[in-house]
Each structure stands twice: as C-alpha cells, then as structure tokens.
Amino acid sequence: MSKPDMLVRRAFATVLTYGLACMSVAVALLVTLLSRPNELVTPVFFLAIMLRAWFGGTGPGLLAALLATLAIAYYFLPPPYSLQFDPANVPHLLVFFLAAVLVSSWSAARKRAETLLRRARDAQEAKVQERTADLNQANETLRERADLLDLTHDTVFVRDLRDVITYWNHGAVERYGWPKAEAVGQVSHALLQTIFPAPLEEIHAELLGRGRWEGELVHTKRDSTQVVVASRWALQRDAQGSPLAILETNNDLTERKRAEEALQQAQTELAHVTRVLTLGELAASIAHEINQPLAAIVTNGSAGLRWLAGATPSLDDTREALQCIIDDGQRASEVITRIRALLRNTATEKGRLDLPPLVYEIVRLTQPECVRQRVTLRLEMAADLPPVWGDRVQLQQVLLNLVLNALEAMARVAQGRRALVIRARPETVDTVLVAVEDTGVGIAPEHLDQIFTAFYTTKAQGLGMGLAISRTLIEQHGGRLWAVPHDGPGATVQFTLRTAPAAG
C-alpha cells in the first residue's frame, strides 16, 4: 500500500472515531429528551462518554464530555435552548464536566490496560506454545534417534534434567534386567544404585560446560550383581541453547576388568616363578654360603667338646667356641631369611623404601658368586639419594635379575678385568636412576629391544622371561627400564623409580 493511501485511511479512521463521539452524545441527548428529563439527565451522557472513551480512546472521550456538557447547558439548564444560564448552575456544570473527563480518562486507561494485558497474555501463550512445540519436537526427535539405537546391543537410555528416565532401549533391558515399562519414569541413579568416580555436582558441572562427560561407573543390576561400565553422556539442547535431556550410552567393562585382574594375577605368579628359578641358579652359591657357617659350627662344637673333655676343662676357650657357634648360627639364619623373603609370594605392598639397604641385601646374596667368578663389585650410591616408592620384594627381584645377568655376561669373557658396578643417583626432582654396569660380552645394537621380549634369550639354558618381567615390574612402579651398550666391553642396564606414587 502506498503512503498517500495510508494517510487517507488514517484520516478517515480519525474522522470516523470523532464522528462516532458526536453521534454518541446526540443519541444520549435524544434518549434523555424522550425519557424523563427532569429526573435522569447525566447518567445517559456518562454512559455515552464511557463507551466512547472505551472504544475510541482519550480524544473522542474528551470530545464527548465537552459536547455532553454543552448539551446539558443548552437543553436542560434554564433558560432552555440557550447557552445563557444562571451562574448559580456553573459549579454543577463544572462538576459534571470534570467527572466526565475523569470517567473518560479512566475508561480509556482501563481499555489500554486491558489491551496491553491481552497482548502480553497472547504473546506469553504464543511463547509457551512455541516452547512446548520445541520441547515436543526435540523429545520426538530424540526418541526417533534413540529408536534407531534400539537395534544395538549397547546400553542406551535418555533422561531429563531431573535424571528421570524417558527412554530405555533393548540393550538396557538386556544389560540391567528391568523392562522398559518399569524403568521409564524412574530416577536412573536411584534405580541403578550408581557409584560415581567423582561427586555428581562436579560431573553435572562438566556436562553443562562441555556438553558431554565420560568415565567409568558401577551399576547394580536387577539381580543385585554389579557391573562396571564405560559411560558417555551427551547433553541435548533446544534452539535457544537451553538444556533439554541427557543421552547416556554404557558399555560393559566387567569382563575386561576381570581379564585385567586375571592377567595381573598371572603376571604376579609368573614373576614369583621367575624369582624361584632365579634363586635356583644361585643354589650353588647359596649352598656354599650356608655351608661355611655350618662347617664352622661343627668345628667349634668339636673344639668345645675337646676342651671340656680334658683333665682341666678350659672354660674360657669353651665359652669362646660357643659364642662362635651362636654367631655362625645367626649368620646362617640371615642367609635363610633373605632367601625366604625373595621366595615369598605375597601381594604387592608399595611404600617408601630406602634404596641402600635394599641394594646391600642383594650384594650380600650375590657376594659369594662374585668371589667365585673373581668379579670386582663396586657400589656408587649418591649421598643425597631420596627414598623411592615401590614394593621391596619386586624391586629386589629386578635388581637381583640384573646382577645375575651381568655375572653371566662376564662369565663368558675368557680374559680381561671383570668389574660390576651398581649405581644409584637422583635423576630428576621426583625420580631416581639405578644402573647395573658390567664388563661382559655386551649387547648387540639390534638386540636392544629384543632382550626385553618374553621368551627371547641368548643363554643356552635361559627362559627369556627375566628382563621381560623386570620391565613389567618397573613400569608398574611408574618407571622405565632400558639397556645401553658400551663402546668397549660390557653394557649397562638401568631403570628409574619414582619418589612418590604416580598421580591418578
């Protein structure tokens, strides 16, 4: 529509509105004149003014009030049919006019308020209907997408922001045991007795912030058995970005957890077997070390008997022989204690350990073999060495295996100096480096990685498990184990240990 046409329409509407105001007053005057003018004058005019202000607004209402005042002055105040009236009637006429103006203003304001209220209510209802339509559409879309997932064996269900289940797929029925009719409408965390890895408030905060969350949960099935699941949550939002619902998918990790535990148990048992086999290789040295105190006990016992059987028993010599017997018995007991500690198949108990005592125990255990092979053993322990975090028996097994490997490597060297060095020093702020260096046959560069592979060995009678298990044990302690070849004879095998438990 053109601008002139719009102006014409507006002018016509204004003329019509004010014309209706005049017509309303005329109708009120006619009704008053035809009724009892001496009894009812103003009520009909007030009605006309109110109606005109209600339907026309403030302007037409004021015009109707002015015309009604003039009509009353002209037709009803003496002298009739004249605008010249008694001044005594001016207050009455003024009161009528002011009342008419107030009625007109009140009626117009009331009309505007009701109009605005109706518009606001209509707008609110439209927003509510739009919001409801969005919610229904979003829920329907979510249900349609979830219906497609009903074909999978994975657990999928939808819950609202109060964690009430609104959708429960076939995989959830099979996983947890509750049919869809019983699960829908229930609070998911109460139904499944969920055990969270962190406070639920923190999980919800991450979900609202990132739109997703994932982690491991523990759920209880209908038959009261527990399952460990890898859970993934995705937040559904509407067009305005407000949260609507949560889509949760779960994969059962129970069997995998059991397999991991079984593997850990198998590794522990295999490590114990390897520990026993390693000590078996030390049988000759152990027997030699035990035979020495036993032979000394027998010798001192025989000497004591001879001193007691003489004509004049030598009590001082006998007392000294008995003390030697006691000392040799304690020395043999210490050897047996160290062997039993290494053979003990106990659960892993990590804690803070001082490395020097642990190294000294291995040195005492292998010292006879070093003497037999004419190997010079040297310790280089840093003075500022901090305690490490680990299991004593497992670390003894690793260090004993590395020392025995070094002795075997040097046993195959026909000539040359045989030297074994055990070093320990801080590497970083939170790690310690332990190294076993020898002057044996060395390690070929192409074998550096293979020697840590299970069942790979360069020994005629070896199983190829020692270094593989040693690397596994060190990695379980949060460290690493590797070999370094020398430019000259020999090689160094070293590993790192943490001074505190690894975070997480």
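Annotations
- In plain terms, the chain from residue 124 to residue 140 could stretch by 3.4 nm, reckoned as 0.36 nm per residue minus the Cα-Cα distance.
- Long-range HN-HN contacts of residue 178 with modeled amide H, under 5 Å: 222
- Residue order, fewest to most beta carbons within 10 Å, for 470, 314, 188: 314, 188, 470
- The residues 168, 389, when put in order of fewest to most other Cβ atoms within 10 Å, stand as 389, 168.
- With the Kirkwood sum run over all distinct C-alpha pairs, region 152-252 has a hydrodynamic radius of 13.7 Å.
- Across the cross-link table entries 127/180; 221/350; 221/257, which are compared at the Cα atoms, the separations over 26 Å belong to 127/180; 221/350.
- Rounded to the nearest 0.05, the FRET efficiency derived from the C-beta distance between residue 182 and residue 259 at R0 = 35 Å is 0.65.
- The ranking of 410, 23, 6 from fewest to most other beta carbons within 10 Å of each one's beta carbon is 6, 23, 410.
- For residue 427, the amide hydrogen comes within under 5 Å of the amide hydrogens of 432, 433, counting only partners 5 or more places away or on other chains and with H modelled in the peptide plane.
- Residue 226 paired with residue 116, simple spin-label distance in nm, labels 7 Å along Cα-to-beta-carbon: 6.2 nm
- More than 27 Å apart - percent of Cα-Cα pairs taken over region 350-504: 20 percent
- Under a 5 Å amide H cut-off, with hydrogens placed 1.01 Å from N, residue 480 pairs with 496 among residues at least 5 apart or on other chains.
- A Förster radius of 56 Å combined with the Cβ-Cβ distance from residue 315 to residue 374 puts the calculated FRET efficiency at roughly 0.85.
None of the figures in this text is laboratory data; all of them are computed from the coordinates on show. On a predicted model such as this, the values are computed, not experimentally measured, just so you know. Cβ atoms come from the backbone with ideal geometry, glycine included; neighbour counts cover every protein chain shown.
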